[in-house]
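Notes follow once the structure below has been shown.
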Amino acid sequence: EIEAGRYDCVLVLGAEEFKNTDGNTASTNQNAAAWQGHEGFDCTYMWPAAFGRVAQEYDRRYGLDRR
C-alpha cells in the first residue's frame with residue numbers, strides 16, 4: 001500500500017499467547033524475540049521493561065496523565 005502510494009504510514013500489530021507454559025518459560029521464549037545485548041538493559045521480563053521505558057520517555061517528552 002505504501003509502494004502503491006495509497007498510504008504513507010501503516011501500523012502492523014501482532015499478538016502472542018503463551019497458555020501452555022509457565023510464566024518463566026513464556027518470558028524466556030518472548031525474550032528470544034528481543035535484540036539481546038543491544039537493547040541497552042538486562043532484565044528477566046524484557047517486554048514489560050521495554051514498554052515501560054517507552055512510557056517513561058513519552059512521559060518525559062509529552063507528559064502522561066495516569067488517570
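The values are calculated or read from the model by the stated rules, or taken from the named source; none is laboratory data. Note that the structure is predicted; figures quoted are calculated from it, not measured. Neighbour counts run over all protein chains shown; Cβ positions are idealised from the backbone, glycine included. Note: areas computed on protein heavy atoms with side chains; ligands, DNA, RNA excluded. Shrake-Rupley method; radii C 1.70, N 1.55, O 1.52, S 1.80 Å.
In region 3-67, inverting the average of 1/r over every pair of distinct C-alpha atoms gives 14.8 Å as the Kirkwood radius. The listed residues GLU57, GLU1, GLU16 rank as GLU16, GLU1, GLU57 when sorted by accessible area, largest first, using a 1.4 Å probe. Protein-only accessible surface at a 1.4 angstrom probe places the residues ASP59, ASP8, ASP22 in the order ASP8, ASP22, ASP59, largest first. What's the angle, to the nearest 10 degrees (0 to 90), between helix 46-62's Cα axis and the longest principal axis of the chain? With both axes taken from Cα atoms, the answer is about 40 degrees. Accessible surface computed residue by residue for the chain, with neighbouring protein chains in place and a 1.4 Å probe, gives 94 Å² per residue. Over the residues of the chain, the helix contribution to mean residue ellipticity at 222 nm works out to -12500 deg cm²/dmol, using -39500 (n - 2.57) for each DSSP H run of at least 4.
The length gained on full extension between THR25 and ARG61, counted as 0.36 nm times the residue separation minus their Cα-Cα distance, comes to 9.5 nm. In loop segments of region 1-56 as defined by DSSP, the trypsin sites (Lys or Arg not before Pro) with at most 13 further C-beta atoms inside 10 Å of their C-beta are ARG6, LYS19.
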